[in-house]
Amino acid sequence: MPSTLIAPPAEFEAFPRKKWTRDECAQLGAILDLRHYELIDGELIEKMSKNHPHIRAVTLLRQWLLSVFSGLNVGLEIPVDVRPEDNPSSEPEPDAVVVKQSVLDLLPRPKATDVLLLVEVSASTLSFDLGKKAALYAGAAIPEYWVLDAIGRRLVVHRRPQDGKYQDISAYTEHESVAPLAAPGSAVVVASLL
């Protein structure tokens, strides 16, 4: 007899939850292995396991970013300090980050004001990346945020953060090209990142 999944009761959402801060996670990390989690709005979110489309896209994205920006200005899966003064409960780890100066000078984490471009490669987390993460990055005034949709074969570009939302959101198909604001002469065809 096949097993059936039982949905949690509606009141489950009302159960109290512990909201974590960056400092608490740092202390917890001394005891537990938190490498497979990122802190978003006080919740520890398990990072999705990497599948073939994700690994391929991250590899191609890294190669392209290194060809456009100095290698020391590109970081992969490093935490970003979004609005430390009023948001101690988030520390996302985008797939790629381009910063104004060497990543090594900004460790352990660059601040939002150091960031030129953030990129998330999405093979199974598209709605989260386009929703919660976009709002988080817009609220931190990250000037440009890309979501590379590895399954839908498109690139969604977010620009002009204002009042916690991106004012300019454009989707580029795999046959179109786009250049980052920080390197306007370095357009890339979306398909070359997939």
Taking H placed 1.01 Å from N in the peptide plane, check which residues at least 5 places from Ser122 or on another chain put their amide H under 5 Å from its amide H.
-> Leu148, Asp149, Ala150
Expressed in square angstrom to the nearest 10, the accessible area of Arg62 with a 1.4 Å probe stands at 110
Ignoring ligands, DNA and RNA, what accessible area per residue does the stretch 100-194 give at 1.4 Å, in Å²?
-> 45
Counting only residues 5 or more apart in sequence or on a different chain, those whose built amide H sits under 5 Å from that of Glu176 are Val190, Ala191
Set the Förster radius R0 to 25 Å, insert the Cβ-Cβ distance between Gln101 and Ser186 as r into 1/(1 + (r/R0)^6), and round the FRET efficiency to 0.05.
-> 0.85
For the stretch 145-150, what does the Karplus curve 6.51 cos²θ - 1.76 cosθ + 1.60, with θ = phi - 60°, yield as ³J(HN,Hα) per residue in whole Hz, taken in order and with x for Gly and Pro?
-> 9, 10, 10, 8, 7, 5
Hey, what do the phi angles of the stretch 157-172 turn into as Karplus ³J(HN,Hα) couplings, whole Hz, using 6.51/-1.76/1.60 and θ = phi - 60°, x for Gly and Pro?
-> 10, 10, 9, 6, x, 7, 6, x, 9, 7, 7, 10, 10, 10, 9, 10
Return a whole-number percent for the relative contact order of the stretch 92-194, with Cα pairs under 8 Å and 6 or more residues apart as the contact set.
-> 19
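The values are calculated or read from the model by the stated rules, or taken from the named source; none is laboratory data. Keep in mind the model is a prediction, meaning the values are calculated, not measured. Here Cβ is always computed from backbone atoms with ideal geometry, including for glycine, and neighbour counts include all displayed protein chains. Please note that ligands, DNA and RNA were not included when accessible areas were found on the heavy atoms of the full protein model with its side chains. Shrake-Rupley method; radii C 1.70, N 1.55, O 1.52, S 1.80 Å.
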